[in-house]
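A quick write-up on the structure given underneath.
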Amino acid sequence: MAPESEEAGMVKVKVKTQKKKKNKENKTRIVHANILYDNAKGEENPNRHFSDNKIKTTKYTLLSFLPKNLFEQFHRFANVYFVFIALLNFVPVVNAFQPELALAPVVFILSVTAIKDLWEDYRRHRSDTEINHMDCLVYSRPEKRYLERFWKQIRVGDFIRLRCNEILPADVLLLSSSDPDRLCHIETATLDGETNLKQRQVVRSFFHLDCEFDPSKYNGVIECEKPNNDLNRFRGYIGRKCGLYKENLLLRGCTIRNTEEAVGIVIYAGHETKAMLNNNGPRYKRSKLERQMNVDVFWCVIILLVMCLFTAIGHGLWLFQYGDKRPVFDVLSPEGANVSPGLSAVYLFLTMIIVFQVLIPISLFVSIEIVKICQVFFIHQDSELYDEETDTHLQCRALNITEDLGQMQYIFSDKTGTLTENKMVFRRCTVARPRRLAMYQELESEEEAECPSRGGTLPRRDSVGKYETINMLAYCPDKHTSVPCLQPLSASSAPRRRTSRRTPQLLDKVNEGGSQLNFIHFHRQPMSQLPSDLADIIDFFVALTVCNTVVDITASTCYHSCSRLTSGSNSSSTSSLVTNRSSTRGCSSALSSPSAESTLTKLDEEGSRLGGAGLLADFSPVPGGAELRYEAESPDEAALVYAARAYKCSLVGRLPDQVTVELPHLGKLGFELLHTLGFDSTRKRMSVVVRHPLTDQITVYTKGADSAIMELIKPPLTGKRQRKILCKTQSYLNLYAADGLRTLCIAKKTLSKEEYACWLQGHLEAETAIHGREERLFQSALRLETDLHLLGATGIEDRLQDGVPETIASLRKAGLQIWVLTGDKQETAVNIAYACKLLDPEEEILTLNADSQVQSWYGASTAPIGSGYIPGTVLVGSAHAAGAATPFLVHRLGLVIDGRTLAYALDKSLEDKFLEVARSCRSVLCCRSTPLQKSTVVKLVRNKLKVMTLAIGDGANDVSMIQVADVGVGISGQEGMQAVMASDFALPRFQYLQKLLLVHGHWCYSRLANMILYFFYKNAMFVALIFWFQFYCGFSGSSMVDQWYLVFFNLMFSAFPQLVTGTLDKDVSAHTLQALPQLYMNGQNSEEYKPYMFWMNMMDAFYQSLVCFFIPYFVSSLRAAPMLALTWICLRGGTPITTLALITILLHLGIETKTWVRHREQAPLTFNKLTTNVSILPVFHAVQHINPCAEDRKLSQQKRDFPLLLLPLPLPHPSENECGQTCWRVQALGRMGPTTISAAD
């Protein structure tokens, strides 16, 4: 039995191993080179299961178009309903019209939609054909060269050669590049909207190839992740566990720039590429008004069934009272026999559904789509929503939610780049000892002096290029100096040829440090001889230059590459020193070390309210006469690099494994770039691991948010001075934040060889992992970023955009609640909030900062709010508890909450309390919030409070927030176009949101609401005329007008006037809407379309139909016997009554139109409908001889019936009084000042 047991155990182990391999294969993709299987059969190629590169975005084929398109259209309930009615008309016993005629309206609607879909699909087919037949060079093993192939012929595993300015046909792993530094520059504008060039690098194992890459010698195997739509992630390995990253992958749709040739292997093709997986098309949203309308359509169905049931019962009773004597109006069986009254009533019920079908407006849905397209067109044409500086128009990316713009209740806004310019200017820094203090004070220009500011918020600068003279005061214990300086440097990639004067004290320190370092290195003395304060200053500016992803695009633009530099070079020449990378390094002593003898140098302003002056560099040309130009992924990084260059610490070049820096007295130094730990919203920092060229030591430079860095600083074990430095730095950070500056901390760490080797082992395992790679890399970064040495801190200014305070104030008057969700430091965010009028000095601020036990603090802070009292400031988790201050009555309250407390507040057990607190506040400011927290807050408010939400942002971190809101608005700013591509509307600047909401939003909502009600009204009135007629025809389902007139009433006689009104009508002028933002509350409260309005509208329609039907009848009965009046109403009264109803319907529209005299198109169209009716009727009656005697009498006695057409003129109209009251209220509001308007108005 033992051998059998062992054998069974072996089988189980094999099965488990096979299952693990199968699961691993299911989660990963293994790619082989196709050239290894050129002579093999197709079944033997392991890549045969992968998608080819042929794309097909069309939905239909010639055979599938008709059934598939009809199937899609029948997803709309209205289409199903009208097809059912048309098919019901083919049943002889219940038909009311000619079957072919009943099909005409629904066939027309379906045909128009089908033609539109067919044309769109044909355009997609042409685009697919054009793309699939583009050329590309694919390697052929038999030919031993690259041959031209169509894109659609490319397969996974093919080697392709890419040339400059060529579009990538698939997702390609970069294996070779003609660039000496093994780089490839690509433009990703088609994917993420960013126009700056991205660097991609050759796979590390192919980096040191001495000759041109030969695909025929390739025999490696690539294992990578399955196709996915994450543009910022790619993981896998090649060969002997050589890790693959997103920097190695060239994505389909990108364009090769500044690289002559590149070679790669196709990893994903066709519909499996990341670009195609992200091409999901526009999101469909249903507006609030459309949802309300669907409810009323349902009520129309109920009304229709009630009318049909009433008519059927009336018909049954009519037949029952005759007994065996059958009346003229009777329903016969298919054999011609009489049927029972009950069965006849059932038949008539179905017949009346056909006759009353007009009650459900078949053209309403199509008309709404047409009107929305026209509204979007006119919004786009608004010249006041055009930004000349960026040459950008407003973009309407969602065509079906324009009316939602008029019903917003909550606005959630990002800060950086949305409320501010996102053009960063380096203002201040603090380095080392707190004794030295350099201050800047910028003299305000006349324009800036008029700009109000609070809390030291700096006024907005003039445009770039204008020179200013400012006083720069260098404060020391013994002297004051003042020198002129130019305007600060803003982050940009454009070259700047300016001269500037730096802070003398700090510049002298940098020069002194560089000189002493050069002397020490030249004489091979220990680096410990360099004073620690100078070492920190040099390291500080080196960190600003190295710890980033900024690229010097001068070399790329001019096709010039920086050569690798010798480690330990001390040449001051501008020429590069080319040596072997394996040469011995210089000294091994530490460049700097934490010491109690450190010095603090600080760039600051005098007082917390003074403006600051930036730092400018005297840009020296690089070889070839070209100026250095930097391109950064974020304006913050560019500002720091330009600031370092202003103090002669210049970034000269960046390669995948080396950063070249030029230092004073040292010349160009090549820092070997070992690792880059990128920024993420959880760590809130980034780090680079470099090998220092002078000390040959492994150094970690880290920069990030002060809240993240200060927690990682190694606590000083000895000396009060070091603790004092940390304390002083924190106070300076608070001062910077109070002045509205964005703060960053800079730190470093020196690793021994043993520490680095230990960390590297775990890091390489994380890099080569395919499953759980992100989490393992995250943990690896956390292990490295500990026990840091603080070098200093920076303050970067980001000014408010023009018009932001005025826009926020106006939106608040409109009743909108505004929340700002930012990742900035709390003090910075509060300062900006005051500057943009989000927070008001008269408001009481509730500050929630908690580390733990949040629930009890929420209970303490919620109770006073519920009772109407609140302390001045509540610091949750601090000594200032809720009961520590004397409570008093609060009229306006603001809430400030940090990211950590917000994480607690969004917990399921606390979210209701958080909303209770937030709803009591006039404004809410969430600081240090992550992208996930932003979207969670928006979703929570939208779902819990059942309100309409709008989210606005400009960066990739705002995309999730924009997508979960009812309306998403993107700002086309400095951080690419990700937010714009995910939004429903795109604006050049935040200030344009005011007119978009208060004017266009109000108009769109008012127009569509009134148009929908008008549709219900006119259809109900016309159907009611037929309903009243049933009382005089035995409830037989007969109609007083011809079936042609009944079927085409909507399409021919009443279709176009309301389209013009729905597109162009203006209940209030744009000037009045902007001057009186309170009018926006009309849409917030759905005043134009409330549930009772539908019923009032239906009652109005039935009332007017009674007048239009019975007054002509009674007038005829006065002129003749009652029986003759009945004959008149049955035989020839239909045409005058219907014409009378049409005049009433058009007159009703005229009364509801607010800007009648301004519509040049409205009057001709309305008159055209009347003339069309008058001209078609005689022609129709002359051709369609249903009852010749009656038709002749109609045409001969029109003079007698003409006075009946004047009945609508004195007809009392309920809506007329409402329209007059609306106009009077607007005029009254116009006479009142904006400050005297109450919410009741």
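The values are calculated or read from the model by the stated rules, or taken from the named source; none is laboratory data. The model shown is predicted, which means the values in this text are computed figures rather than measured ones. Cβ atoms come from the backbone with ideal geometry, glycine included; neighbour counts cover every protein chain shown.
Of everything in the range 123-149 that is under 16 Å from Ile160 (Cβ atoms) and assigned to a helix (DSSP H, G or I), the residue that is modelled with the lowest pLDDT is Ile131. For Met1099, the conditions (1) surrounded by 22 or more Cβ atoms within 10 Å (Cβ to Cβ); (2) over 25 Å from Met408 (Cα atoms) all hold with the exception of (1).
In the range 712-722, is there at least one residue being within 30 Å of Gly243 (Cβ to Cβ), at pLDDT 85 or above and either of a type outside the set (A, V, I, L, M) or surrounded by 18 or more Cβ atoms within 10 Å (Cβ to Cβ) (or both)? Yes, the range 712-722 contains a residue that is within 30 Å of Gly243 (Cβ to Cβ), at pLDDT 85 or above and either of a type outside the set (A, V, I, L, M) or surrounded by 18 or more Cβ atoms within 10 Å (Cβ to Cβ) (or both). Say whether the condition of being in contact (Cβ under 8 Å) with a residue 60 or more places away in the chain, surrounded by 16 or more Cβ atoms within 10 Å (Cβ to Cβ) and of a type in the set (Asp, Glu) is met by at least one residue in the range 119-132. There is at least one residue in the range 119-132 that is in contact (Cβ under 8 Å) with a residue 60 or more places away in the chain, surrounded by 16 or more Cβ atoms within 10 Å (Cβ to Cβ) and of a type in the set (Asp, Glu). Each residue in the range 150-200 was checked for being assigned to a strand (DSSP E or B), surrounded by fewer than 23 Cβ atoms within 10 Å (Cβ to Cβ) and of a type in the set (Asp, Glu), and 1 of them qualify. Screening Val938, Val924, Val917 for residues that are more than 25 Å from the chain's Cα centre (by Cα), surrounded by 18 or more Cβ atoms within 10 Å (Cβ to Cβ) and either of a type in the set (A, V, I, L, M) or in the same structural domain as Leu816 (by TED's automatic domain parsing) (or both) leaves exactly one candidate, Val917.
Between Lys20, Lys27, Lys59, which is at pLDDT below 90, more than 30 Å from Arg126 (Cβ to Cβ) and within 35 Å of the chain's Cα centre (by Cα)?
Lys27
So how many residues does the range 363-414 have that are assigned to a helix (DSSP H, G or I) and β-branched (Val, Ile, Thr)? Going through the range 363-414 one residue at a time, the tally reaches 8.
Table: residues versus (1) surrounded by fewer than 24 Cβ atoms within 10 Å (Cβ to Cβ); (2) within 38 Å of the chain's Cα centre (by Cα); (3) in a helix (DSSP H, G or I).
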position: Gln994; (1), (2), (3): yes, yes, yes
position: Met1011; (1), (2), (3): yes, yes, yes
position: Ala1024; (1), (2), (3): yes, no, yes
position: Gly1034; (1), (2), (3): yes, no, no
position: Trp1044; (1), (2), (3): yes, no, yes
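Per this entry, Ser983 is counted among residues that are surrounded by 22 or more Cβ atoms within 10 Å (Cβ to Cβ), in the same structural domain as Ala829 (by TED's automatic domain parsing) and among the polar types (S, T, N, Q).
Filtering the range 393-430 to residues that are more than 19 Å from Asp824 (Cβ to Cβ), touching a strand residue (DSSP E or B) at 6+ places or on another chain (Cβ under 9 Å) and modelled with pLDDT under 85 leaves Arg397, Ala398. For Asp840, the conditions (1) part of a loop (DSSP other than H, G, I, E, B); (2) within 24 Å of Pro988 (Cβ to Cβ); (3) of a type in the set (D, E, K, R) are fulfilled apart from (2).
The sole residue among Leu666, Leu651, Leu640 that is in contact with a helix residue (DSSP H, G or I) (Cβ under 7 Å, 6 or more places away or on another chain), over 30 Å from Phe778 (Cα atoms) and crowded, with 18+ Cβ neighbours inside 10 Å is Leu666.
Residue-wise test of (1) surrounded by fewer than 22 Cβ atoms within 10 Å (Cβ to Cβ); (2) on the phi < 0 side of the Ramachandran plot.
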| position | (1), (2) |
| --- | --- |
| Leu744 | no, yes |
| Ala747 | no, yes |
| Leu751 | yes, yes |
| Leu764 | yes, yes |
| Thr768 | yes, yes |
| Glu774 | yes, yes |
| Thr786 | yes, yes |
| Gly803 | yes, no |
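Report yes if Asp382 is in contact with a strand residue (DSSP E or B) (Cβ under 9 Å, 6 or more places away or on another chain), acidic (Asp, Glu) and in contact (Cβ under 8 Å) with a residue 24 or more places away in the chain, otherwise no. No: the conditions fail for Asp382.
Of all residues assigned to the range 83-99, at least one qualifies as being part of a helix (DSSP H, G or I) and over 24 Å from Cys300 (Cβ atoms). I'm trying to understand the selection: among the residues of the range 813-849, which are of a type in the set (S, T, N, Q) and closer than 15 Å to Ile411 by Cβ? Scanning the range 813-849 gives Gln817, Thr822.
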